[in-house]
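> One structure, pasted below without further comment.
The values are calculated or read from the model by the stated rules, or taken from the named source; none is laboratory data. The model shown is predicted, which means the values in this text are computed figures rather than measured ones. All Cβ positions, even for glycine, are placed from backbone atoms using ideal geometry, and neighbour counts span all protein chains on display. With ligands, DNA and RNA removed, areas are computed over all heavy atoms of the protein, side chains included. Shrake-Rupley method; radii C 1.70, N 1.55, O 1.52, S 1.80 Å.
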Amino acid sequence: MNGYAELHCHSCFSLLDGASTPEMLVRRAAELGLPALALTDHNGLYGAVRFHTAARERGIRPIIGAEMTLADGAHLVLLAETRAGYANLCRLISRAQLEGSKDNARLKMGWLRGWTEGLIALTGCRQGPVARTLLQGQRDKALAALQRLKTLFGPEHLYVELQHHLLREDDALLADLAELSEHLGLPTAAANNVHYAYREGYRLHDVLTAIRHNASLHQAQKHLRPNSEFFLKSPEEMGALFAAYPDALDNTLRIARRCNVDLHFRAEALPPQPVATHQTPDQRLAELCRAALPKRYPQDRNAAERQLHHELRVIWETHLAGYCLLVWDIVRFAEERGIQVRGRGSAANSIVAYLLRITNVDPLAHNLLFERFLSTEARVMPDIDLDFCARRREEVIQYVYERYGEAHVGMVCNYVTYRKRSAVRDVGKALGLPPDTVDSLAKSLRWEDGLPEGVSQGIWNEFRALWEQIQGLPRHLSIHVGGMCITAKPLNGLVPLERATMPGRVVVQWDKDGVEDAGLIKLDLLSLRTLSAVEECLQLVEQNHGIRIDLDALPLDDPAVYDALQRADTIGAFQVESRAQQQALVKMKPRCFTDIVVEVAIIRPGPLLGNMVHPFFRRRQGLERVTYAHSMLKPILEETLGVIVFQEQVIRVAMVMGGFTPGEADLLRRAMSRHRAEEEMRAFRERFVLGAVSQGVSRKAAERVFSQLAGFASYGFCKSHAAAFAKTAYDTLYLRAHYPAEYTCALLNHQPMGFYPPRVVAGDAQRHGVKVLPVHVNRSEDRCTMQDGAVRLGFAYVDGLGEAAIARILKAREKGVFLSLADFCRRTRLPRRLVENLILAGGMDDWSGDRRRSLWELGRLRYTENELSLALPDNGVRLKPMTHGEELIGEVAVTGLAAEGHVMELVRDRLDQMGVSTSRDLETAKSGERVKVAGMVVVRQAPPTAKGFVFLTLEDEHGLVNVIVRPDVFQQQKAAWVGSGILVVEGRVQKASGRVDVLAEGVGGMQ
Ligand SMILES: [Zn+2]
Ligand SMILES: [Zn+2]
């Protein structure tokens, strides 16, 4: 027999102990002609799904395994021979992870008893229980260890692992191991303990090792591998190394042939749903949908019935009725408890989801594409995202745990990977570069795309190379924000589990892509503060006006909503409030709900990268003719003026022009959204172009269209998702327009949220006639409240006042209002610092009207928290009262916002002298006019799509000013641009289609 299969191989998912991705290893294995490859990362199967997929695509047999750390620190390699062995491997890893401390999994030998079925063990590297003792010269101990493993696994399932890395002791060690194996009648297997795909990978691996030990390469010297032999070797190279042990080579192929595990669980994944005995899940689903149909479609039902019939049929064919019922059950639970919930994602394409109240967007009214949600050809589970009121999501998660049992529910993990800046820090540290230099380099990457030119000399050359290589590799695990995995069989036999940082929470070792590709059920239960604010606003409206607004029943044509949108008057509204959105709104001038859907979808990296935003707005404004790459695209792209805005359009274009089936088209979309399957994309491109050419499209046109699709799909929204967001945006705009005070109150109670800090939200509300009142010791509650139509700030806004202090004030107040500063102090005994903050916030204005005097009085009150001396005779001292300006500064300092004014008012006189215009003046300024503007920085952005341009939003007492900073202008005064406080910017007014910007020429501060 000839050939070799590598059975001991680490990927980057050995977390800082492997320098290549599973895909790189598989690619290299294919180049070398290996028939099979095992992935054996430390104590985990993190990379197993990616590895499995990549290997299958290359025609290489994937072997799923792991290198376990035993209780005494020794290493043991386990390979899954069968599905039962795979389940045992998952259970063993889970137990080692969950019973060890976090990030320190330990497997006790005893646990293996009874759990070795279907597993093949290799005795491991130099740290294996046998090799380790041999290296220490303890032959008897080695023999005993091997005997013990033999008893546990049996002679058919244990191989003595032989490694040769050209080290001094290797020849002797191999001879010893071979002799022991013969002694006990055990076979041997060769392995190279691979840690990188190519020899050159050793350098990156050394750096990762240094990072793992939180040291420089120099300091980590003793932890580094002794040479660069730990790469994936060819059968010839291995043949030369193991010429004396031909069986050890042949056995790798024998083991490879025995191992056959497919990582695809769909059939067994669904937890059962309760249905009546005479019913199947499909019947139950149909019954629920039919019952809901007349309510959702009171008038014309024909089209709805047809669509329902079609969808139920696809759901029946794909066996997903149970899944739909599962989601329905969670939504039902939330609604019964009065927890706000909205479904989004591709589910909103489905009438079934609409009827089950999983989503609230009518797929028929908005011409949504069901195939984006589900098709008979798709190999993977559909995705449904549910947003819940942020404060009550935990109740829903607890319900899921209770309903399906802890053993069946786990949170999806997330791999935190190296990005530009973290890569600079860790590589810089490993190479021992000066910390200050590394730090400023990392900081500069906030504003730059790549490393500066100078970073390529000497050691920096190597730095740059490693910096590039390390990006995208996983650094550690975290928990996904809301992904939950729910399974019928206990989870720990399907995927390994480990501890999350949050105490008591358990995560599965796969991220959302892994879970999805393995066919496990995943639900995203996310929290959305907007929904909390919406719910609170609805309650306030009910209290103040006696009406409960039914958002489901809102007509989608309210003029006040469109009026606000057209003026880009959207601060505090969901999704459409950001600077980029506002600038688009004045060009878009939305007139109907579909316009909002487009608006939400188009200000996204996808359309921006695809260079589609600009043409779209030009066409929208009638400045450019609407054209199509080919006339067959007209029906698909007509509603978006010939431009691709939605993922569904990608699917339709692939079907119409490329001749794809719906399922194929969806596979194309998935491939595009994952950024890593270059070769797969090439195949799709070829297929698309051939399909188009066969329909008479020119090759050039087809290529161009495909490039547009590819550029777009990775970041684009699906229309259903955008529609679901647009509906929530509409709801918030409606509430904001008709109940501004209630909406402001609710918004202020759910900060931080959205694009702007509370002071901008409050300032904007004030400009819309909402009265915002300062904190008041006798009238405020813990949160903001409505009082006589005005918004009263809550105690929670006062810096330093925590729950305990607030509770103390409220408890003391139960016995009657506070009568004076002294009375307040006596009854609450709050620390002096907090009382000061309350004074500065304006909370005690009733008693003196002058905050400086109150502070002074407080200073004379000699008291501690438990002891008060309250003699306070007026000694006739005359203090200069606080100016209004000083009061405002104090309020901003302790509450983050000024209730009855704006800090910029204080400096306006001086700004006037400096010739600075207000944001209001800009409305009447002429395009090209030179101006100075000033304000506090609200946001500072340098989007990667903007090629070095930086965008600032300044706020003054009248509103916001948008400033554009060219790259050269930014570089000249970088420190000033990123500084804090009030900025004074000089530049030229730019006016175009209703939007006003200042193109900056320079910046200064206030003298
Ligand atoms: Zn090892
Ligand atoms: Zn290893």
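> Considering only DSSP beta bridges whose two residues both sit in the chain, what percent are antiparallel, to the nearest 5?
If I count the DSSP bridges inside the chain, around 70 percent turn out antiparallel.
> Tell me the accessible surface of Tyr159 in square angstrom (1.4 angstrom probe, heavy atoms of protein chains only), to the nearest ten.
It works out to around 20 Å².
> Where does the chain land at 222 nm, in deg cm²/dmol rounded to the nearest 500, when only DSSP H runs of n ≥ 4 count, each adding -39500 (n - 2.57), divided by all residues?
The helix contribution divided over the chain gives -13500 deg cm²/dmol.
> May I pose another question? Within the stretch 180-260, list the chymotrypsin sites (Phe, Trp or Tyr not before Pro) lying in a DSSP loop whose Cβ has at most 16 other Cβ atoms in a 10 Å radius.
When the chymotrypsin sites (Phe, Trp or Tyr not before Pro) of the stretch 180-260 are filtered for loop state and at most 16 Cβ neighbours within 10 Å, Tyr198 remain.
> Give a quick list of trypsin sites (Lys or Arg not before Pro) in the stretch 535-596 that DSSP marks as loop, anything other than H, G, I, E or B, with at most 12 other Cβ atoms within 10 Å.
Qualifying residues, ordered by number: Arg548, Arg591.
> Here is a further query. As an exercise, identify the trypsin sites (Lys or Arg not before Pro) in the stretch 895-999 lying in DSSP coil whose Cβ has no more than 13 other Cβ atoms within 10 Å. Could the numbers behind the result be given before it?
Numbers: sites: Arg908, Arg910, Arg920, Lys926, Arg930, Lys932, Arg940, Lys947, Lys974, Arg988, Lys991, Arg995; in loops: Lys926, Lys947.
Answer in residue order: Lys926, Lys947.
> Counting pairs of alpha carbon atoms under 8 Å apart in space and at least six apart in sequence, what relative contact order in percent does the chain give?
Result for the chain is 8 percent.
> Quick one: which residues, 5+ away or cross-chain, put their amide H under 5 Å from the amide H of Cys9? H built at 1.01 Å from N.
Thr40, Val194
> Let me ask something additional. So what J values fall out for the stretch 644-660 if you push phi through Karplus, 6.51 cos²θ - 1.76 cosθ + 1.60 with θ = phi - 60°, rounded to Hz, Gly and Pro as x?
Running phi through 6.51 cos²θ - 1.76 cosθ + 1.60 with θ = phi - 60° gives 7, 10, 10, 4, 4, 5, 4, 4, 5, 4, 4, 6, 6, 8, x, x, 6 Hz.
> From the phi angles alone, apply the Karplus equation (6.51, -1.76, 1.60; θ = phi - 60°) to the stretch 965-970 and give each ³J(HN,Hα) in whole Hz, x where the residue is Gly or Pro.
For the stretch 965-970, the Karplus-derived couplings read 10, 5, x, 5, 5, 4 Hz, x marking Gly and Pro.
> Okay, next question. Amide H of Gly483 versus every other amide H placed in the peptide plane: which residues, excluding those fewer than 5 positions away on the same chain, fall under 5 Å?
Amide H neighbours of Gly483, under 5 Å, 5+ apart: Val412, Leu525.
> Can you compute the charge dipole magnitude of the chain about its Cα centre, using +1 on each Lys and Arg Cβ and -1 on each Asp and Glu Cβ, nothing else charged? Give it in debye, rounded to the nearest 20.
Roughly 620 debye for the chain.
> Roughly to the nearest percent, how much of the accessible area of the stretch 925-1007 is carbon and sulfur, given a 1.4 Å probe? Numbers along the way, then the final one.
Details: 1910 of 3580 Å².
Ligands and nucleic acids excluded, carbon and sulfur give 53 percent.
> Using a Cα-Cα cut-off of under 29 Å, which lysines could be cross-linked to Lys926, ignoring same-chain neighbours fewer than 8 residues away?
Lys587, Lys589, Lys947, Lys974, Lys991
> Once you charge only the Cβ atoms, +1 for Lys and Arg and -1 for Asp and Glu, what is the size of the charge dipole of the stretch 526-621 about its Cα centre, to the nearest 20 debye?
I would put it at about 780 debye.
> Where a Cα-Cα gap under 24 Å defines reach, which lysines qualify for Lys512, not counting those fewer than 8 residues away within the same chain?
Lys102, Lys420, Lys489, Lys522, Lys719
> Before I look further, what does the chain give for accessible area per residue, probe 1.4 Å, in whole square angstrom?
41 Å²
> Follow-up. Quote the relative contact order of the stretch 910-1007 in percent (integer), defining contacts as alpha-carbon pairs under 8 Å separated by 6+ residues.
Normalised by residue count, the contact order of the stretch 910-1007 is 28 percent.
> Can you give the FRET efficiency for Gln283 and Gln621, using 1/(1 + (r/R0)^6), R0 = 30 Å, r = Cβ-Cβ distance, to the nearest 0.05?
0.05
> Let me ask you something else. Can you list the HN-Hα couplings for the stretch 765-774, worked out from phi with the Karplus curve (6.51, -1.76, 1.60; θ = phi - 60°), rounded to whole Hz and with x for Gly and Pro?
4, 4, 5, 9, x, 7, 8, 10, 9, x
> Taking every alpha carbon pair in the chain, what does the distance histogram look like in 10 angstrom bins from 0, in percent?
Answer for the chain: a P(r) of 2, 9, 15, 19, 20, 16, 11, 6, 2, 0, 0 percent.
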